[in-house]
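This report concerns only the one structure given below.
Just so it is clear, none of the values below were taken in a lab; they were calculated from the coordinates. Quantities reported herein were computed from a predicted structural model and do not represent experimental measurements. Note: ideal-geometry Cβ built from the backbone for every residue, glycine included; neighbour counts use all protein chains shown.
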Amino acid sequence: MALSPPMARSSCFPEGPPYASNTATIGGTPTKTLDVPVTAVFLLLYVCLAATNATIFRLNRRKHHKFIISALLGGFCNVRTITCSLRIAWAFNLNNVSLIIAAEILLLAGNLILYIINLVFAQRILRARHPEIGWDPRLSFLLKSLYAVIGCVLVMVISTIVLSYYTLDEYTLGVCRDIYLFGSSYIFFFATLPVVILLYTFLRSPSPDQQHFGHGSTEFKALVLLGSSCLCILIAGSRAGTTYMTPPPTGSPAWYDSKAAFYSFGFVPEVLTLLLFVIARVDLLFKVPDDSSEVRSFEKAGEPESPVDATEADMLG
């Protein structure tokens with residue numbers, strides 16, 4: 001689902017600004033016969049998943065269980081419904097460059113929500129298995145710094161995408177490409193962090209003061225997180241890898257610019273990640289007391305939480 005990095009705009013595109021790109025992008029130009037029906041299917045899936053996560057969030061809130069991540073997942077699905085809608089609209093307005101810019105920005109920005117959620121889950125597992133490390137203020141500061149940097153990177157990349165469509169200056173486009181390369185590389189690094197934390201967590205002998213949170217074993221939580229992280233790494237890795245390739249001209253796209261690559265490395269792993277979160281019930285697996293961060297403990301925090309239905313507990317073992 002990678003986007004081609006900003007490249008020089010040929011003088012054969014005098015219209016604008018914004019100027020149309022003369023390099024191939026993954027997925028190519030959407031068509032009414034292929035992309036519209038396929039994208040419509042993904043649009044329906046995202047709408048259903050948005051409704052599912054919103055329902056889970058509301059039901060949990062009634063039990064006084066505030067799991068904000070369900071709301072974030074619902075928000076991500078809403079962003080993707082807009083992304084799919086823009087791609088369908090693009091198929092009917094092929095010369096609308098402003099529409100293309102909006103579609104590319106949403107396509108890039110949405111994934112970060114999944115990457116951040118994975119890192120939050122990884123931190124909770126680390127805190128449970130190694131409290132002395134996971135609750136260390138220095139680690140919390142480091143992770144907060146990484147969140148801040150990812151926000152800055154997102155702003156930089158979005159600005160780069162917009163600027164690259166509004167200039168023909170070779171030097172400016174070269175700077176835009178360098179920023180885009182840095183941004184895609186950092187996002188890939190960010191997407192791999194949960195796996196790195198998991199490896200450290202389980203390769204190191206568990207602490208005698210292990211803590212428990214949510215439902216299910218720590219090992220099951222780790223398997224769910226590993227699955228979602230690998231899917232996200234596939235998305236971020238494909239984007240970063242194709243970014244470092246020299247984008248071919250529009251008339252001669254590379255294999256990674258095909259429509260099959262667009263859907264296989266983009267929407268498909270995203271939907272699988274969302275389905276994994278819903279089926280595994282991450283709202284039960286990864287729930288923590290609201291004030292756990294203040295007391296730096298899962299076991300000492302808060303009042304006893306609302307009981308969960310026996311059927312839900314049985315599903316999670």
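Ordering ALA148, GLY251, GLY75 by Cα displacement along the dipole of the chain toward the positive end leaves GLY75 in first place; charges were set at the Cβ atoms of Lys, Arg (+1) and Asp, Glu (-1). Put a plus charge on the Cβ of each Lys and Arg, a minus charge on the Cβ of each Asp and Glu, and nothing anywhere else: the dipole of the stretch 76-146 about its Cα centre is then about 180 debye.
The C-alpha atoms of the chain define a longest principal axis, and helix 68-92 lies at about 20 degrees to it. Remark on THR23: its backbone amide H falls under 5 Å from those of THR250, a criterion applied only to residues 5 or more positions apart or on other chains, H modelled at 1.01 Å from N. Computed from the C-beta positions of LEU199 and LEU163, the FRET efficiency with R₀ = 35 Å rounds to 0.35.
A simple rule links phi to the HN-Hα coupling: the Karplus curve 6.51 cos²θ - 1.76 cosθ + 1.60 with θ = phi - 60°, which for the stretch 258-263 gives 6, 5, 4, 5, 4, 7 Hz, with x for Gly and Pro. Placing +1 on the Cβ of every Lys and Arg and -1 on the Cβ of every Asp and Glu, with nothing else charged, gives the stretch 35-291 a dipole about its Cα centre of roughly 860 debye.
Note on the stretch 35-291: the alpha carbon radius of gyration divided by the globular reference 2.2 N^0.38 Å gives 1.08. By the Kirkwood approach, averaging reciprocal distances over each pair of separate Cα atoms, the stretch 90-139 gets a hydrodynamic radius of 13.8 Å.
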